[in-house]
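Have a look at the structure below, then the notes.
The values are calculated or read from the model by the stated rules, or taken from the named source; none is laboratory data. Keep in mind that what you see is a predicted model, and the values were worked out from it rather than measured. Here the Cβ positions follow ideal geometry from the backbone for every residue, glycine too, while neighbour counts run over all protein chains shown.
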Amino acid sequence: MNILFATSEAVPIAKTGGLADVAGALPKALNKLGADTRVVLPKYGTIPAALAGRFEQILHFDVYFGWRKEYCGLLRAELEGVTYYLIDNERYFKRHGLYGYEDDTERFVFFCFAVMEAVRYMDFHPDIVHCHDWQTALIPFMLRTRYALDPAWAYTKSVFTIHNLKYQGVLGIPELQDLLGVGDETFNFDSLEFYGAASCMKGGLVYADKITTVSGTYAEEIKTEYYGERLDSLLRYRAGDLVGIVNGIDAEAFDPLSDAALHTPYRDSLALKRENKLALQRELGLPQSAKTPLIGIVSRLVEQKGFELIMATFEELLQEDVQFVVLGAGDHRYEHFFNDKAYWHPDKVKVWIGYDDSLARRIYAGSDMFAMPSQFEPCGLSQLIALRYLSVPIVRETGGLKDTVQAYNEYTGEGNGFSFANYNAHDYMHTVRRALAFYRDEKSWNRIVSNASKEDYSWGRSAKAYISLYTELLANGKEQ
């Protein structure tokens, strides 16, 4: 089974968020199950020189889209047992960051066309092309239209994964029409038209053979008006082809027993974990105390992640014997809020604005609890990493958080974290206080952490679900 992942980012090459972790780890897990999974993504200017130097150029060719003719280089390397391809075009991709430019749509329309053409030169015929988020959503559309009879794509089936429905690649109809070189017939309600505009995301939702998203709960949520981002009716229409498969994490990359960033290696030992807590407190200038509960936050500082709830309750929770460590960047008002609290409460709050992977790992290892009260969360990887590092999650019951964190039940002894249902500051604060109370009960806390340590957070189970989906898709294709 040959599977080609088309993605805008993938670890270890380029990353801004969880998509990169998925696109880097899932192919390795699929290959362990016997598939030949390869990954194609843009050759960004931000790729470290040492890593970019490992790629060899296969060839270069021209890509035609709309009235445009663009250079495209195709490079290849094998990294950690997975074959990666890079699409090279310096005008579009040799920039400071991955996204955030006015011509982002044009950049990724080019990328989609380049992938369609590059397959001719890969010495690899994909049985499945697996596309991720709006940046590659036009590939299933192209597969069904312009490339429907192209021998390079003969019998290929498409899977489209929604990592976050909120970001859709929406632009004006004339602009996308110009980029794709298509007629008015493409912009109907059952194609790429979206409330008078055009949507790249709909290319995947309408034309892919199967649609997946990153947790079972999120698959149900996005079929409702509240979570559906004005695409809920289409998702209900395609419900028979929509599957929720919860993400995993790379259990080798995130292993506190072998993580070089940590002060003290550990796996199931709370005593050794607390050595990391003391080391983190010392590193950040907090009072060193194994007894004082430390709550970690590693996140983009955006509204989606529940920071309205955190802000509304922060001062009151600081009246407790507790410490907070926050790592992230995002909206200025959240950054300012946490910097202000760190200034006024230097013995209780430490903040690092930006991102540092090593520090993030030390926060996972050093924190007793991990706060993630998201407004919505398709899957979330942070809570899985936290559980792997025995940091007990405090989450809202939405999307993948609901699927992976079970609230502790003191009567049955079941549960690996703490959760609340309503997006409400008082409910969040009550849940944090409940977690703090159980932290002071050593027997109960040991049980919660023990429950967390027994879970399998790797990609193994989810990779089998994807293989099953691919197999079903290919079997149906042969029957037709």
With under 21 Å from P373 (Cβ atoms), in contact (Cβ under 8 Å) with a residue 60 or more places away in the chain and surrounded by 14 or more Cβ atoms within 10 Å (Cβ to Cβ) as the only criterion, which of P256, P293 stands out? P293
Selection over segment 53-72 where residues are in a strand (DSSP E or B) and either surrounded by fewer than 17 Cβ atoms within 10 Å (Cβ to Cβ) or not assigned by TED's automatic domain parsing to the domain that holds C112 (or both) yields a count of 12
Check C379 against each of (1) part of a loop (DSSP other than H, G, I, E, B); (2) farther than 22 Å from G244 by Cβ and name the one condition it does not meet. (2)
Specify which of the listed residues (V405, V432, V449) is modelled with pLDDT of 95 or more, in contact with a Gly (Cβ under 8 Å, 6 or more places away or on another chain) and either under 19 Å from I295 (Cα atoms) or assigned by TED's automatic domain parsing to the domain that holds E377 (or both). V405
Quick one: in segment 410-439, of everything that is without any contact (Cβ under 8 Å) to a residue 12 or more places away in the chain and more than 29 Å from the chain's Cα centre (by Cα), which residue is surrounded by the most Cβ atoms within 10 Å (Cβ to Cβ)? A437
When the residues of segment 22-46 are filtered to those that are over 19 Å from the mean Cα position of the chain (by Cα) and of a type in the set (A, V, I, L, M, F, W, C), which remaining residue is surrounded by the fewest Cβ atoms within 10 Å (Cβ to Cβ)? L33
Just checking, does segment 235-257 include any residue being over 30 Å from S158 (Cα atoms) and over 26 Å from the mean Cα position of the chain (by Cα)? no
H125 surrounded by fewer than 16 Cβ atoms within 10 Å (Cβ to Cβ) and either over 20 Å from L176 (Cβ atoms) or modelled with pLDDT of 95 or more (or both): yes
The one condition Y355 fails out of (1) closer than 29 Å to F254 by Cα; (2) among the hydroxyl-bearing types (S, T, Y); (3) free of Cβ contacts under 8 Å to residues at least 40 places away in the same chain; (4) not in a loop (DSSP other than H, G, I, E, B) is (4)
Restricting to segment 457-480, name every residue that is touching a residue at least 60 places away in the same chain (Cβ under 8 Å) and part of a loop (DSSP other than H, G, I, E, B). Y457, W459
Could you go through segment 355-364 and let me know if any residue there is surrounded by 20 or more Cβ atoms within 10 Å (Cβ to Cβ) and closer than 18 Å to Y428 by Cβ. no
What is the number of the single condition among (1) within 30 Å of P287 (Cα to Cα); (2) at pLDDT 95 or above that E397 does not meet? (1)
Quick one: which residue in F370, F438 is in a strand (DSSP E or B) and modelled with pLDDT of 95 or more? F370
Yes or no: F338 among the aromatic types (F, W, Y), in contact (Cβ under 8 Å) with a residue 24 or more places away in the chain, assigned to a helix (DSSP H, G or I) and under 20 Å from L280 (Cβ atoms)? yes
Looking at G24, G34, can you tell me which residue is in contact with a strand residue (DSSP E or B) (Cβ under 6 Å, 6 or more places away or on another chain) and outside any strand (DSSP E or B)? G24
